[in-house]
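Reading through the structure tokens given below for one structure.
The values are calculated or read from the model by the stated rules, or taken from the named source; none is laboratory data. As the structure is a computational prediction, the values presented were derived from the model and not from experiment. A quick note on method: Cβ atoms are made from the backbone with ideal geometry, for glycine too, and the neighbour counts reach across all protein chains shown.
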Ligand SMILES: *Cc1c(COP(=O)(O)O)cnc(C)c1O
């Protein structure tokens, strides 16, 4: 799928009488199946990308585990019946209380990147398995994630050595190349960094049982900030990853499990929003230039949090022919950030207040990033669809 609207989503959107976000569970399952066919990895879905019970349950049924970032996410996964040994605490940022709570809930594998965090894990989750996150540049990604997380190779050796001395199991290394990574070279560099660090650890007598390649795999259906299709080289990324996994397995002195934590890649293209038109206007800016603005019922604060870095494909049902105008597309609130940065999207001139609009590839980072009614615009409800178009529309 590369921005095309599949029949299940199209049917669910067409029959939706009011605004909502729709998830195509069959599409998500197929996406998961494709990933594990392409790569020999254990999947731990990054919950923050889509903390929707039905979506998590369908991934869990497929065999996925979960990358949780807080006791709240761990509790959600457990409530859905996911065994604790398929959940890891993947956030390097944790309080003493959150470590103790995760341990009480049965989680035994923790991400870390500092000796302070390792000391806290040793105190509040004694005997746990830890893996150390290595820093990456974040280059080539729409969201780099580079500075807040991860340490240098030298620090990783120090952190895992300290962990071993504190009675923890130094179990692995991780990276995250940045979200919506657009280059295969980022994966190549990440594998090189992991491999170098594995060698340095072995010199200290530390042999790992897993590496975690993090998230970052792209969605295929986005447009960039200028409205042009983003075309990440996904097949080449898979090829680079397969080669890198083989190299790391060859290098390790023991069997090496390879974990990935995809978020966006599994869900983005399989969720879409049914919103509606508020109004299409034309007014002169201060410089005298006339500009069309298309205001929608949905924007940055109720489903399109990522609208400043990318554009979504828009479908205007019932307006397939007729005249178009170039418009700035924006959400409904009184915040000027609530708009796509692109100046000119082609939109039908005939749009009327109340007309439905479909916003595609909106399945990732939509539900979790909705405000509790900023300016009185409440969060979108969600529905799910499955199998053929006939079965669309189970209620949230
Ligand atoms: C957010 C996050 C992910 C998922 O990233 P995507 O780009 O959505 O795949 C994976 N791992 C960690 C630790 C994260 O913070």
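Yes or no: the range 267-280 includes at least one residue that is surrounded by fewer than 13 Cβ atoms within 10 Å (Cβ to Cβ), closer than 28 Å to residue 67 by Cβ and in contact (Cβ under 8 Å) with a residue 40 or more places away in the chain.
Taking every residue of the range 267-280 in turn, none turns out to be surrounded by fewer than 13 Cβ atoms within 10 Å (Cβ to Cβ), closer than 28 Å to residue 67 by Cβ and in contact (Cβ under 8 Å) with a residue 40 or more places away in the chain.
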Exercise for review: Return yes or no: is residue 71 farther than 23 Å from residue 362 by Cα and free of Cβ contacts under 8 Å to residues at least 40 places away in the same chain?
Suggested key: yes
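Quickly run through the range 16-47 and pick out the residues that are part of a helix (DSSP H, G or I) and either crowded, with 20+ Cβ neighbours inside 10 Å or in the same structural domain as residue 383 (by TED's automatic domain parsing) (or both).
25, 27, 28, 31, 32, 47
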Exercise for review: Taking the options 56, 13, name whichever one is away from the ligand (no atom under 16 Å from the Cβ) and surrounded by 19 or more Cβ atoms within 10 Å (Cβ to Cβ).
Suggested key: 13
Check your understanding: For the range 196-214, does any single residue satisfy the condition of being in the same structural domain as residue 165 (by TED's automatic domain parsing), surrounded by 16 or more Cβ atoms within 10 Å (Cβ to Cβ), within 15 Å of the ligand (Cβ to nearest atom) and more than 18 Å from the chain's Cα centre (by Cα)?
Key -> yes
Point to revise | For residue 61: the one exception among (1) more than 26 Å from residue 37 (Cβ to Cβ); (2) surrounded by fewer than 18 Cβ atoms within 10 Å (Cβ to Cβ) | key: (1)
Check your understanding: Name the residues in the range 333-350 that are assigned to a loop (DSSP other than H, G, I, E, B) and surrounded by 20 or more Cβ atoms within 10 Å (Cβ to Cβ), would you?
Key -> 338, 340
Study note, to complete from the structure: When the range 253-264 is checked residue by residue, the ones that are in contact with a helix residue (DSSP H, G or I) (Cβ under 7 Å, 6 or more places away or on another chain) and at pLDDT 95 or above are 256, 258, 262, 263, 264
